[in-house]
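As structure tokens, the structure follows; a few thoughts come after it.
The values are calculated or read from the model by the stated rules, or taken from the named source; none is laboratory data. This structure is a prediction, so every number in the text was calculated from the model and none was measured. Cβ sites come from the backbone with ideal geometry, for glycine too, and all protein chains shown count toward neighbours.
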Ligand SMILES: [Mg+2]
């Protein structure tokens, strides 16, 4: 079972993603609510994939991507973006994120992105 770390400062967003992922056979290995916690949990949990929010307190998603890619150049990270965050999506992709999904999430699009990223 593939292990996923879900990162978002909004608890209901994490809940929504966890629902989609767990009912489709993925294991939620951990959650983080800011970028710094995401980096720490990536280090301790070694997930197969990370879903990463962009706007969070303490450390934003783009910086968390940079730090995780420094720890593990093969890290697989999907950005969770909202309308109007194109600049940060581009920065995240340049920092090594593999793909992005847009809120509000559509289940099929989430699963397609995860399958594609895990297979890459
Ligand atoms: Mg947020």
Tell me whether the range 87-95 contains one or more residues that are under 15 Å from residue 7 (Cα atoms) and at pLDDT 95 or above.
yes
For the range 55-72, the count of residues that are touching a residue at least 40 places away in the same chain (Cβ under 8 Å) and in a loop (DSSP other than H, G, I, E, B) equals 3
Of those in the range 1-49 that are within 16 Å of the ligand (Cβ to nearest atom) and part of a loop (DSSP other than H, G, I, E, B), the residue surrounded by the fewest Cβ atoms within 10 Å (Cβ to Cβ) is 10
For residue 52, the lone unmet condition from (1) within 12 Å of the ligand (Cβ to nearest atom); (2) in a helix (DSSP H, G or I); (3) within 19 Å of residue 116 (Cα to Cα) is (2)
Residues being under 20 Å from residue 47 (Cβ atoms) and modelled with pLDDT of 95 or more - total across the range 108-120:
9
Taking the range 73-120 and keeping residues more than 16 Å from the ligand (Cβ to nearest atom), part of a loop (DSSP other than H, G, I, E, B) and exposed (fewer than 13 other Cβ atoms within 10 Å of the Cβ) leaves 73, 74, 106, 120
